[in-house]
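As C-alpha cells, the structure follows; a few thoughts come after it.
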Amino acid sequence: MRKIVISTSHGDQNGGFCLSHRAWLRLRDMGQREALQEVDVAEYWPTSASVTEPALNQCGRLIPRDDQYLVRIVEELGAEANGHCAALKVVEIPTEVEWTIEKKSGGVEWVSEAHRTWN
C-alpha cells in the first residue's frame with residue numbers, strides 16, 4: 001500500500017495543505033529535499049512571535065504528498081503536524097494505482113485514481 005498525505009480542512013486562500021513549522025523543521029533534519037530548499041521564514045521573524053503564529057505555520061506546500069518522510073512526520077506528530085488551517089490525514093491506496101489529489105473550492109482534498117482526459 002502507498003501512503004499519501006491530504007488535508008481534510010477547508011484551509012485558507014492557498015488551500016488546506018501546509019505543515020506546522022515544527023513538522024517542517026523535522027523534515028529538514030531528516031534531509032527531505034523540498035524542505036531543505038524552502039526558506040525558513042521563522043529565521044527572520046520577531047522573537048516575540050508565538051509558535052502558533054499563522055505566518056510561521058504555512059510550510060512545505062511543495063513537498064510531494066507521498067514522500068516517505070512527510071508521511072512519517074504526519075503519523076508521528078498527528079495534529080501537531082497541521083499547519084495554519086490544515087487538518088492533515090494519511091490515506092492508504094494500492095501501490096499500483098496512478099493517483100491524483102482532487103479538491104473542492106475551499107481546500108478539502110481527497111485522493112482519486114488518475115484517469116485520462118482530452119480537451
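Among 85, 18, the ranking by other beta carbons within 10 Å of each residue's beta carbon, starting with the fewest, stands as 85, 18.
Between residue 92 and residue 41, the modelled label-to-label distance comes to 3.4 nm, taking each label 7 Å out from Cα in the direction of the beta carbon. Multiplying the residue separation of residue 72 and residue 2 by 0.36 nm and removing their Cα-Cα distance gives an extension gain of 24.0 nm.
Taking only Cα atoms of the stretch 2-113, what ratio of Rg to Rh do you get with Rh as the Kirkwood inverse-distance radius?
With Rg and the Kirkwood Rh in hand, the quotient comes to 0.97.
No lab work stands behind these numbers, since they all come straight from the coordinates. Not measured: the values here are computed from a predicted model. Neighbour counts run over all protein chains shown; Cβ positions are idealised from the backbone, glycine included.
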